[in-house]
Amino acid sequence: MTLERSEIRRRLEELAEPGYRDFNRKLLPGVEDMLGVRTPALRRLAREIAKGDWRGYVDQVRTAWQQGEACHEERLLWGMVVGAGAGAWEEAAAYIRDFVPVIDNWAVCDSFCGTLKIAGKHKAEMWELLTPYLDSELEYECRFGAVMLLDYFIDEDYVDRALGALDRIRSQAYYSRMAVAWAVSIFYVKMPERVMPYLEKNHLDDWTYNKALQKICESLRIDGQTRAVIRSMKRQAGPAGGIDRREMP
């Protein structure tokens, strides 16, 4: 049975918290169409939808999005439903490609990436799917690729390829550069011996490189001696050109 979008929208509105909405708006500048529904509630609803005709629901939300009517939570929910519902790789890949153009902020991007557990079962196929996004100059296509790398490709088989892909990203957009810095930092924290040679020799711009070092130092898994070494590697960067707007992931 297909759950009608109108019914799901009604339930989202019932779950909405004005205070949480106002807080989130500070974290997502420019995103005005949000209701204020917390992530755990969205995940529960996504799992419920995935047990039924989730494809039918996605079709309805896609149409609403194309008409400019799908709110922030509906976009979040759409991504979560794809992650919860798609079981076969071929189908999942089609829905992933369909969703990437919908990503319009870091929260939708990172939430979607976190739901795509199928990536862990189909790494080679996912890697191939990610390649054009990693090479894109579009802000959220790049961010999608970078966040997927840090979520699913921190292992011996992919670490060198992943770092190479991050090193090639040339998007100058804020949220793509932040994602690259974040990814590099997580790769280092989890695989320091493999990643240190990359930190010593890479093609990251100064701002992104220094941001990666900052995030490494912020990790609770880094000891004081290591933190001092990482801090000593900071470059003397020139003006950020307006990039450092806010400290978001």
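For the chain, the solvent-accessible area of protein heavy atoms averages 48 Å² per residue (probe radius 1.4 Å; ligands and nucleic acids excluded). A simple rule links phi to the HN-Hα coupling: the Karplus curve 6.51 cos²θ - 1.76 cosθ + 1.60 with θ = phi - 60°, which for region 163-171 gives 4, x, 5, 5, 5, 8, 5, 10, 4 Hz, with x for Gly and Pro. Computed across region 1-105, the Kirkwood hydrodynamic radius from all distinct Cα-Cα pairs reaches 14.0 Å. Counting only aspartates and glutamates at least 8 places from K201 when in the same chain, those with an alpha carbon closer than 15 Å to its own are D160, D167, E193.
Per DSSP helix of 4 or more residues, -39500 (n - 2.57); summed, then divided by the residues of the chain. What does that give at 222 nm, rounded to the nearest 500? My calculation for the chain gives -20500 deg cm²/dmol from helical runs alone.
Relative contact order, whole percent, for region 116-248 stands at 21, derived from Cα pairs under 8 Å and 6 or more residues apart. Using C-alpha pairs under 8 Å with a sequence gap of at least 6, the mean separation divided by the residue count of region 1-151 gives a relative contact order of 20 percent. Atom-type composition of the exposed protein surface of region 55-174 places 48 percent of the accessible area on carbon and sulfur (1.4 angstrom probe). Remark: the R38-H203 segment gains 55.6 nm on full extension, using 0.36 nm per residue and subtracting the alpha carbon distance. Roughly what would the spin-label model give for A173 and E125, points 7 Å off Cα along C-beta, in nm? About 2.7 nm, to one decimal. The aspartates and glutamates whose alpha-carbon is closer than 13 Å to the alpha-carbon of K211, local same-chain residues fewer than 8 away aside, are D244, E247.
For the set V58, V229, the ranking by accessible area, highest first and with no ligand, DNA or RNA atoms included, is V229, V58 under a 1.4 Å probe. The listed peptides 108-115, 3-10, 221-228, 175-182, ordered by packing as a protection proxy, come out as 175-182, 108-115, 3-10, 221-228 (highest mean of other Cβ atoms within 10 Å first). Assuming charge only on the beta carbon of Lys and Arg (+1) and of Asp and Glu (-1), the dipole of the chain about its Cα centre is about 700 debye to the nearest 20. Taking a ≥ b ≥ c as the square roots of the eigenvalues of the Cα gyration tensor, an a/c ratio of 1.5 or more together with a/b no larger than b/c marks region 98-176 as oblate. If you sort the three axes of the alpha carbon gyration tensor as a ≥ b ≥ c, you get a/c of 1.5 or more for region 84-238 and a/b above b/c, which makes it prolate.
Max-minus-min Cα coordinates of region 46-100 on each principal axis give 30, 23, 16 Å, with the largest extent listed first. For K51, the lysines whose Cα comes closer than 18 Å to its Cα, not counting residues fewer than 8 places off in the same chain, are K117.
The values are calculated or read from the model by the stated rules, or taken from the named source; none is laboratory data. Since the model is a prediction, treat every value here as computed from it, not as a measurement. Using ideal geometry, Cβ is built from the backbone for each residue, glycine included, and neighbour counts are taken over all protein chains shown. The area values use the complete protein model at the heavy-atom level, side chains included, leaving out ligands, DNA and RNA. Shrake-Rupley method; radii C 1.70, N 1.55, O 1.52, S 1.80 Å.
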